[in-house]
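In what follows, a single structure is set out as structure tokens and then discussed.
The numbers here are math on the coordinates, done by the rules we state, and not lab data. Everything numeric in this text was worked out from a predicted model, so none of it was measured. Here the Cβ positions follow ideal geometry from the backbone for every residue, glycine too, while neighbour counts run over all protein chains shown.
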Amino acid sequence: MVFAIGILLGIGLIFNVLGTISLYRFPDVYTRLHGTTKCTTFGSLFTSAAVVVYGLSRYFDGYDGRFVTLSLHVVVAILALLISNATGAHALARASHRSGIMPLYAVVDHLAEDEKNKGGRIS
Amino acid sequence: MVIFVASALTYLLLVWAGGAIEWLEVVIAIVFGGLMAVMARRWNPDITLRHSWLNPIRLARFVVYLFGPFLFALIQANLDVAMRVITGKINPGIVRIPTGLNGDGALTLLANSITLTPGTLTVDANDKSRELYIHWINVTNEKPGAEDICGTFPKWARRIAE
């Protein structure tokens with residue numbers, strides 16, 4: 001069981017480290033958001049899964065109800081994380097584009113073209 | 001009423017410790033559920049919760065979607081973006097995709113799924129023409145359809161939330 005928890009924590013850590021490195025390697029706010037989404041989805045998902053596995057294994061050791069509560073709370077935290085991560089990244093991207101920060105090295109930008117054609121904001 | 005039941009059940013789930021639930025906890029759950037319902041009504045009187053979200057078949061489909069195609073796309077996209085972080089090869093751009101979804105719930109579900117999978121990020125949405133503007137880290141096709149970016153996600157969103 002310790003082995004499984006170690007593997008889950010290891011995968012989570014690797015992806016969190018990669019997400020942090022992406023903040024330095026990527027050029028602008030949009031590509032950096034891609035990197036940090038990876039952090040929260042895979043990194044934190046796997047570290048939270050490790051906590052769930054730990055809680056369940058401790059529960060089946062001695063049927064102590066506290067560990068079920070621990071696992072349940074972590075599952076609720078994962079759900080909250082997924083929802084807030086998606087909406088937060090979307091809000092950041094939309095606000096940056098509205099403030100006039102254009103994506104660097106972009107090969108195509110349909111949003112800016114449509115705004116220019118329409119002469120204002122899309123929504 | 002929906003909010004009342006949902007928050008009371010959530011409270012009971014959070015205090016549940018693997019055994020029987022004390023009656024005092026049930027009383028507290030009912031009190032907090034009522035409080036939440038009143039607060040939600042005060043906060044937004046126009047709040048509409050469609051009952052189709054409580055349909056068990058739709059909820060079952062949502063769970064299947066979460067652990068089937070969504071998880072698969074998540075793993076694929078994570079490995080792809082991980083390689084891009086290491087090699088630094090990017091080819092970004094903002095593309096417009098038609099979704100063909102009518103419901104607001106379905107569009108929200110699709111936009112959130114797209115943002116959660118790394119490599120694609122919803123920047124803006126056009127409510128009238130039901131199109132999404134997606135920042136895509138690797139543009140291979142300058143006029144993509146919905147399948148190029150998110151695979152079978154729109155179909156699932158239609159089945160779950162419309």
| Looking at (1) touching a residue at least 40 places away in the same chain (Cβ under 8 Å); (2) in contact with a helix residue (DSSP H, G or I) (Cβ under 7 Å, 6 or more places away or on another chain); (3) facing chain A (nearest Cβ under 9 Å); (4) surrounded by fewer than 22 Cβ atoms within 10 Å (Cβ to Cβ), can you tell me which one B:Gly100 breaks? | (3)
| Subset of the stretch B:124-162 that is under 21 Å from the mean Cα position of the chain (by Cα) and acidic (Asp, Glu) - its residue that is surrounded by the most Cβ atoms within 10 Å (Cβ to Cβ) | B:Asp124
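Scanning the stretch B:109-123 for residues that are within 10 Å of the chain's Cα centre (by Cα) and in contact (Cβ under 8 Å) with a residue 24 or more places away in the chain, which turns out farthest from B:Glu142 (Cα to Cα)? Let's see the steps before the verdict.
Here is the first cut: in the stretch B:109-123, the residues within 10 Å of the chain's Cα centre (by Cα) are B:109-116.
With in contact (Cβ under 8 Å) with a residue 24 or more places away in the chain added as a condition, the list becomes B:109-110, B:113-114, B:116.
Numbers: B:Leu109: 24, B:Leu110: 21, B:Ser113: 21, B:Ile114: 18, B:Leu116: 22 Å.
So, considering only residues that are within 10 Å of the chain's Cα centre (by Cα) and in contact (Cβ under 8 Å) with a residue 24 or more places away in the chain, the one farthest from B:Glu142 (Cα to Cα) is B:Leu109.
So, A:Pro103, is that one touching a residue at least 24 places away in the same chain (Cβ under 8 Å), surrounded by 15 or more Cβ atoms within 10 Å (Cβ to Cβ) and over 30 Å from B:Leu13 (Cβ atoms) or not?
Working: touching a residue at least 24 places away in the same chain (Cβ under 8 Å): yes; surrounded by 15 or more Cβ atoms within 10 Å (Cβ to Cβ): yes; over 30 Å from B:Leu13 (Cβ atoms): yes.
In short, yes.
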| Count of residues meeting criterion [under 15 Å from the mean Cα position of the chain (by Cα), more than 7 Å from every other protein chain (Cβ to nearest Cβ) and not small (Gly, Ala, Ser)] in the stretch A:38-68 | 5
| remark: Selection over the stretch A:69-91 where residues are among the hydrophobic types (A, V, I, L, M, F, W, C), farther than 30 Å from B:Val15 by Cα and facing chain B (nearest Cβ under 9 Å) yields a count of 1
| remark: Sole miss for A:Asn117 among (1) exposed (fewer than 13 other Cβ atoms within 10 Å of the Cβ); (2) of a type outside the set (Phe, Trp, Tyr); (3) within 11 Å of another protein chain (Cβ to nearest Cβ) is condition (3)
